[in-house]
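The next block holds one structure in the form of structure tokens; read it before the comments.
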Amino acid sequence: MPSFEGPLLVGIDIGGTKIAVLVCDESRRVLARGEAPAPVADGGSAVADAAARLVHQLTSGRTVRAAGVGAAGVIDHESGSIRAASATFTDWVGFPLASELADRLGCVVTVENDVNAFLLGEASPHEQDVLGVMLGTGVGGAVLMDGELRRGPHGAAGEIGHTPGYGDLLCTCGQTGHLETLASGTSIALRYTARTGRTVAGSREVAALADAGDADALAVFRDAGRALGTACASAAALLDISDAIVGGGVARAWHLLQPGIDDALRTDAPVTGIPLRIRPATHGADAVALGAIASARALALVPVA
Ligand SMILES: [Zn+2]
């Protein structure tokens with residue numbers, strides 16, 4: 001870690017397979033980063049232990065002023081516990097992640113949904129009203145309005161991946177026609193197989209085929225881009241939002257999504273006439289941890305009564 005004497009801020013990104021940690025100074029300059037496997041099948045305590053161990057390694061026992069977590073699932077923002085999560089996480093629902101990590105790290109801890117944290121990490125100071133979309137295994141969404149996250153009364157605002165109207169394919173949630181059925185990495189691979197009969201390992205392989213000129217692969221990405229653009233246009237019309245930031249593994253193939261996004265913006269641009277900018281994320285794998293640090297920093301700046 002570079003020499004630095006001030007208090008440290010820590011961002012922790014807890015995903016289904018790995019935990020990523022960033023250590024920053026108070027101006028969010030990155031001082032150290034690391035990764036460890038996420039033992040999500042072993043329960044909440046095991047995940048908290050693994051995260052704390054990684055933080056201790058990276059900070060070498062230095063004082064941490066505040067830590068922020070971006071975690072998959074619906075978060076009870078008041079208590080910092082997990083309200084709902086995918087079945088891959090054992091004993092995660094109801095786990096008091098914020099207080100358990102606060103005990104282990106000896107500092108205040110804030111917990112945010114991972115897509116919310118992604119958007120906090122990616123949005124520039126000029127992007128105060130912005131939609132965030134993560135195209136990964138599934139499709140997640142988040143909304144920033146007047147510079148503040150819109151979480152909703154149940155912590156579930158922004159779930160754009162499970163909005164309907166995109167065809168009749170079965171979604172992972174059990175309903176049909178959701179955005180996720182066309183635009184997630186999983187769906188891109190499934191759609192390619194449905195068109196060609198050829199099994200692929202994932203959306204990255206479909207992207208490689210598209211780059212080699214495979215017409216079916218290009219069409220699958222174009223369909224994903226068009227669905228994504230339509231969803232962003234709907235959100236823009238509803239919320240008077242003129243920026244959308246798209247991240248996740250699928251967004252790395254932005255040049256393949258762009259033609260479909262352009263199609264959607266040509267035919268379905270918001271009737272307000274306000275231009276809608278849809279751009280790829282720029283912070284890569286750091287975005288969730290950076291956003292978690294932003295929320296931890298905001299918490300740490302609030303004087304304790
Ligand atoms: Zn769904």
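Within the range 96-123, the set of residues being closer than 30 Å to S187 by Cα and either open to solvent by 20 Å² or more (accessible area, probe 1.4 Å) or of a type in the set (A, V, I, L, M) (or both) comprises V111, N113, D114, V115, A117, L119, L120, A123. Taken over the range 264-303, the residue count meeting the criterion of being open to solvent by 20 Å² or more (accessible area, probe 1.4 Å), over 21 Å from the mean Cα position of the chain (by Cα) and without any contact (Cβ under 8 Å) to a residue 60 or more places away in the chain is 13. Can you confirm whether R204 is in a helix (DSSP H, G or I), of a type outside the set (A, V, I, L, M) and assigned by TED's automatic domain parsing to the domain that holds I241? It is true that R204 is in a helix (DSSP H, G or I), of a type outside the set (A, V, I, L, M) and assigned by TED's automatic domain parsing to the domain that holds I241. Listed by first and then second residue, the pairs with beta-carbon distance under 7 Å, at least 6 apart or on different chains, first residue in the range 165-176 and farther than 18 Å from S86 by Cα and modelled with pLDDT of 95 or more, second within 10 Å of the ligand (Cβ to nearest atom) and among the charged types (D, E, K, R), form an empty list. Considering the range 156-178, and only residues there that are among the hydrophobic types (A, V, I, L, M, F, W, C) and not in a loop (DSSP other than H, G, I, E, B), the residue that is farthest from the ligand (Cβ to nearest atom) turns out to be I160.
The single condition from (1) open to solvent by less than 70 Å² (accessible area, probe 1.4 Å); (2) under 21 Å from A85 (Cα atoms); (3) in contact (Cβ under 8 Å) with a residue 24 or more places away in the chain that P39 fails is (3).
Kindly check whether there is at least one residue in the range 222-238 that is closer than 14 Å to E122 by Cβ and assigned to a helix (DSSP H, G or I).
no
The values are calculated or read from the model by the stated rules, or taken from the named source; none is laboratory data. As the structure is a prediction and not an experimental result, all values here were calculated from the model. Ideal geometry is used to build each Cβ from the backbone, glycine not excepted, and the neighbour counts take in all protein chains shown. When the accessible area is computed, the model is the full protein with side chains, heavy atoms only, and any ligands, DNA or RNA have been set aside. Shrake-Rupley method; radii C 1.70, N 1.55, O 1.52, S 1.80 Å.
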